[in-house]
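Heads up: the structure comes next, in structure tokens.
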Amino acid sequence: ALPRHRFITWLFLHGRILVKTRLARLYGQQNDVTCGLCGKEEETQDHSFLACPWSQELWRLIAAWWPFPPLGSTYEDFMRNIRRNPENRRQRRVMHSIIIATVYYIWRARNDHLFKKVLPPYHSLQEA
């Protein structure tokens, strides 16, 4: 995995991604805390990466390509489910790499949508 992918995933795994609700809590300056991807719900880490309809569709498409356990809609569900790794070490490494790339892609898509007003299509995940 690329260093930027690993870094964003590290932030995600430690609950440190600067989503809008976290920014509002830390700095009190966010007026709009709606999701940068769907624009419907409050942008929390759980929502952005796991519960947002845009992210869920991306995870669904990836799971159709490489089967892994359902991820759930909360961080706790996500961690519990990815710990149910395949026994095969190579499959486990591939699954972890896919998850790392997907977390990064979701974050990049969110930022592109917020700052460039462009929501990348799912198929451009190959370029991430």
### Residues of region 82-119 classified as modelled with pLDDT of 80 or more and not in a helix (DSSP H, G or I), total
4
#### Entry: Subset of region 47-65 (residues that are surrounded by fewer than 20 Cβ atoms within 10 Å (Cβ to Cβ) and small (Gly, Ala, Ser))
Ala51, Ala63, Ala64
### Message
List pairs: first residue in region 48-69 and within 21 Å of Arg22 (Cβ to Cβ) and modelled with pLDDT of 90 or more, second residue open to solvent by less than 70 Å² (accessible area, probe 1.4 Å) and among the hydroxyl-bearing types (Ser, Thr, Tyr) anywhere in the structure, Cβ distance under 6 angstrom, at least six positions apart or on different chains.
### Response
Phe49/Ser55; Leu50/Ser73; Ala51/Ser73
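Of all residues in region 7-26, count the ones that are of a type in the set (Lys, Arg) and surrounded by fewer than 16 Cβ atoms within 10 Å (Cβ to Cβ).
Taking region 7-26 first, the residues of a type in the set (Lys, Arg) are 16, 20, 22, 25.
After this cut, where a residue has to be surrounded by fewer than 16 Cβ atoms within 10 Å (Cβ to Cβ) as well, the list is 16, 25.
Summing the residues that are of a type in the set (Lys, Arg) and surrounded by fewer than 16 Cβ atoms within 10 Å (Cβ to Cβ) in region 7-26 gives 2.
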## Note on the structure
Scanning region 66-89 residue by residue, the ones that are open to solvent by less than 70 Å² (accessible area, probe 1.4 Å) and within 17 Å of Leu13 (Cα to Cα) total 11
### Query
Taking helices (runs of 4 or more DSSP H) that fall entirely within region 1-73, which contain at least 3 residues that are touching a Pro at 6+ places or on another chain (Cβ under 6 Å) and closer than 23 Å to Val118 by Cβ?
none
### Summary
Those residues of region 44-84 which are in contact with a Ser or Thr (Cβ under 6 Å, 6 or more places away or on another chain) and among the charged types (D, E, K, R) amount to Asp46
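The values are calculated or read from the model by the stated rules, or taken from the named source; none is laboratory data. Source: prediction; values computed, not measured. Cβ atoms come from the backbone with ideal geometry, glycine included; neighbour counts cover every protein chain shown. Surface accessibility is based on the protein's heavy atoms, side chains included, excluding ligands, DNA and RNA. Shrake-Rupley method; radii C 1.70, N 1.55, O 1.52, S 1.80 Å.
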